[in-house]
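Each remark here refers to the structure printed beneath this line.
The values are calculated or read from the model by the stated rules, or taken from the named source; none is laboratory data. Model, not experiment: these values are computed from the prediction. Cβ atoms come from the backbone with ideal geometry, glycine included; neighbour counts cover every protein chain shown. Ligands, DNA and RNA are excluded from the accessible area calculation, which covers all protein heavy atoms including side chains. Shrake-Rupley method; radii C 1.70, N 1.55, O 1.52, S 1.80 Å.
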Amino acid sequence: MTAFSRTPALLLLLAFAAGLAGPALAQSAVAEGQKLAFDRGKGNCLTCHVIKGGDLPGTIGPELKDLKAKYPDRNELSAIIFDETKRNPQTMMPPFGRNRILTEQEISAIVDFLQTL
Amino acid sequence: MKARSALLLGSLGAALVAFALTSPRVVAADKVDPVADAKAFQNFFFQKFPNVKHEDFVNGPYSMNADMKRQWQEKEEFPPYEFALDAGKDMFTTPFKNGKTYADCFPNGGIGIRQNYPYFDTKEGKVVTLELALNRCREANGEAPYSYVKDEMASLTAYMAFTSRGKPMDIKIPDDPRALAAFENGKRYFYTRRGQMNFSCASCHVQSPGERIRAEILAPALGILNAMPIYRSEWSGMGTTSRRFVTCNSQTRAVPLEPQADEYRDVEYFLSYVANGLPISGPGARP
């Protein structure tokens with residue numbers, strides 16, 4: 001039996017998530033982002049993009065690479081994932097944030113992953 | 001242009017229906033003008049793929065990729081739809097319990113007429129597809145209707161398509177405002193984005209034909225129904241036009257309609273009309 005009740009344990013967890021955990025968290029966010037990006041039920045980005053480490057990519061969108069150089073501001077990447085129709089009304093890329101396919105946190109983890117490409 | 005005023009219908013959380021039209025939408029006029037639409041539609045594909053022979057567009061993904069086409073042509077020596085074709089011929093020629101046959105329900109005994117379907121029925125005021133006409137024939141003769149999506153229905157349409165191979169698609173729009181409305185409605189359905197992914201039919205089949213979506217090569221919208229029904233390895237069997245529409249909607253997390261719902265009938269009317277002149281190639285085989 002743990003000494004903690006449920007609520008404080010959760011608070012502790014949130015405190016970690018808020019950034020107290022440092023580089024270890026950054027690492028795990030990248031891994032989590034990759035998982036979300038590749039997951040067919042989530043980002044499923046491979047449907048359209050070649051991404052290092054992913055199998056059976058589609059060709060509808062450009063290869064995702066060198067993104068940190070192209071979009072130094074991470075908010076730009078978040079915005080593309082949130083709703084690319086803002087930049088390009090004709091785009092095929094689904095509005096992952098606007099249509100609630102991905103949460104803000106999930107998009108943020110994917111951006112962490114994209115910045116490593 | 002009324003449709004241009006991209007409205008966002010729908011509520012948060014629920015499926016968003018965007019009226020936004022995809023770029024290659026080729027029509028500018030306010031008036032419904034199917035002749036001009038069909039011409040522009042065909043030209044769009046002819047210009048986008050100048051190396052594809054016009055009559056080849058009816059071969060779906062194979063028209064877009066030489067390697068795939070070669071593999072397919074080898075497969076055609078022993079086509080996977082042959083079983084359905086034989087079954088369809090048997091079914092077609094076997095009398096119903098009342099002694100009549102399918103031939104009694106169709107012009108020319110049902111042979112070589114696939115290119116005229118769907119048609120606009122001016123009595124009913126609606127589009128009638130071949131699948132619908134087949135089930136109506138069954139019911140008129142005291143037989144239970146078949147499932148629209150597979151097996152028996154696919155066998156029957158496979159046989160009817162086979163007897164019509166090479167005949168140019170020949171869909172008419174009678175001088176009836178309801179026929180024009182059906183065409184326009186089908187067009188609208190085709191270009192409207194829907195579902196959580198926000199895709200329209202055109203996103204995949206007008207904007208991206210020839211591209212890979214994961215491992216699959218997207219078929220061009222031009223002539224996309226000429227090969228129906230199709231055998232698909234992924235289905236380990238045959239599928240009708242209805243099955244393909246439902247699958248495309250549900251795979252992209254859009255809510256599929258009932259097979260033979262008015263809107264699907266109208267989409268079929270639109271897609272078939274703009275393919276006028278291109279040969280029937282069904283039944284087809286797909287990877």
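On inspection, B:A285 passes the criterion of being in a strand (DSSP E or B), over 12 Å from the mean Cα position of the chain (by Cα), surrounded by fewer than 24 Cβ atoms within 10 Å (Cβ to Cβ) and in contact (Cβ under 8 Å) with a residue 60 or more places away in the chain.
Taking the criterion of being open to solvent by 20 Å² or more (accessible area, probe 1.4 Å), closer than 19 Å to B:F183 by Cβ and not in a helix (DSSP H, G or I), the residues of the stretch B:105-124 that qualify are B:Y119, B:D121, B:T122, B:K123, B:E124. Out of curiosity, is B:G186 surrounded by 17 or more Cβ atoms within 10 Å (Cβ to Cβ) and under 30 Å from A:T91 (Cβ atoms)? Yes: the conditions hold for B:G186. Here B:G237 meets the list (1) away from chain A (no Cβ under 11 Å); (2) modelled with pLDDT of 95 or more; (3) open to solvent by 10 Å² or more (accessible area, probe 1.4 Å) almost entirely, failing just condition (2).
Considering the stretch B:188-220, and only residues there that are part of a loop (DSSP other than H, G, I, E, B) and more than 25 Å from B:N43 (Cβ to Cβ), the residue that is farthest from the other protein chains (Cβ to nearest Cβ) turns out to be B:G195. One residue stands out in the stretch B:54-92 among those that are in a helix (DSSP H, G or I), of a type in the set (F, W, Y) and over 28 Å from B:A38 (Cα atoms): the one that is least open to solvent (accessible area, probe 1.4 Å), namely B:F92. Looking across the stretch B:156-183, the residues that are in contact with a Leu (Cβ under 9 Å, 6 or more places away or on another chain) and among the hydroxyl-bearing types (S, T, Y) come down to B:T157, B:Y159.
Among the residues of the stretch B:155-174, are any β-branched (V, I, T) and over 22 Å from B:S281 (Cβ atoms)? Looking for residues that are β-branched (V, I, T) and over 22 Å from B:S281 (Cβ atoms), one finds at least one in the stretch B:155-174, hence yes.
Specify the residue that is least open to solvent (accessible area, probe 1.4 Å); the eligible residues are those in the stretch A:30-69 that are free of Cβ contacts under 8 Å to residues at least 12 places away in the same chain, closer than 23 Å to B:Q207 by Cβ and over 14 Å from the mean Cα position of the chain (by Cα). Only one residue fits best here, namely A:P57.
Highlighted here are the helices (runs of 4 or more DSSP H) found entirely within the stretch A:26-117 that include at least 1 residues which are within 13 Å of another protein chain (Cβ to nearest Cβ) and in contact with a helix residue (DSSP H, G or I) (Cβ under 9 Å, 6 or more places away or on another chain): A:74-83. Just name the residue that is least open to solvent (accessible area, probe 1.4 Å) out of those in the stretch B:240-261 that are in contact with a helix residue (DSSP H, G or I) (Cβ under 6 Å, 6 or more places away or on another chain) and outside any helix (DSSP H, G or I). Result: B:T240. Residues that are open to solvent by 80 Å² or more (accessible area, probe 1.4 Å) and closer than 26 Å to B:G210 by Cβ within the stretch A:71-88 comprise just one, A:R87. Open to solvent by less than 80 Å² (accessible area, probe 1.4 Å) and under 25 Å from B:P220 (Cα atoms): does that describe B:P95? No.
Taking every residue in the stretch B:43-60 that is free of Cβ contacts under 8 Å to residues at least 12 places away in the same chain and pairing it with any residue that is open to solvent by less than 60 Å² (accessible area, probe 1.4 Å), at least 6 positions away or on another chain, the pairs with Cβ-Cβ distances below 7 Å are B:D56/B:S63.
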